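See structure below.
Just so you know, all these numbers are worked out from the coordinates, no wet-lab data involved. These numbers come from a predicted model, not from an experiment.
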Amino acid sequence: MNTPALILIAALIPSQGTGATKAPQSEHQHQVNKDGDKAMGFSHEKTTHHFLLRRDGGVIQVDANSAEDKESRVQIQSHLGHIAKMFAEGDFNTPMLVHSVTPPGTAAMTKLKADIKYSYEASPNGGRVVIAASSKDALAAVHEFLRFQIKDHATGDPLTVPSK
């Protein structure tokens, strides 16, 4: 084998290794978005998700990217209102459908559902589900669930609880 061919092969090996680690993540992210669009009833491309940790629980917030996008806003509000009721009953099937795995924390959240309150709030461009936990174990489960959402939806939200 000649020297230029060896250089070409050597140059390709690192990029293939790097690409191999990124491809499954982007493929997974694509699948999460596709399954999420179907399960939630609105487009991830027209909306923005946030999962926020709080000292007493957290927030799931979704907004339409455009204030003129009434269709997405209505779909978000309907979905989040439904999610608050489902979660209060210990039903986490929708996140399982979106992520194709049972999200961490949901088994404990189901078991400790009496220690967790979910309230839906509409906002001008969407809405949010506010989650409040009344026990240490429930709070840990809620935070585990929200951290998983942050990572799997790649929202870039902080993984730590704000000090205030």
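Of note:
- For region 155-164, 3J(HN,Hα) per residue [Karplus equation, 6.51 cos²θ - 1.76 cosθ + 1.60, θ = phi - 60°, Hz, x = Gly/Pro]: 7, x, 5, x, 8, 10, 7, x, 6, 10
- Counting only the Cα atoms, region 121-164 fills a convex hull of 105 Å³ per residue.
- Pairs of Lys residues in region 63-154 are counted when their Cα atoms are under 18 angstrom apart and they lie 8 or more places apart or on different chains; the count is 6.
- You can think of it this way: the chain between His82 and Lys46 has 11.0 nm of extra reach, that is 0.36 nm per residue less the Cα-Cα gap.
- If the chain linking Ala154 and Glu71 were pulled fully straight, counting 0.36 nm for each residue of separation and taking away their Cα-Cα distance, it would gain 27.5 nm.
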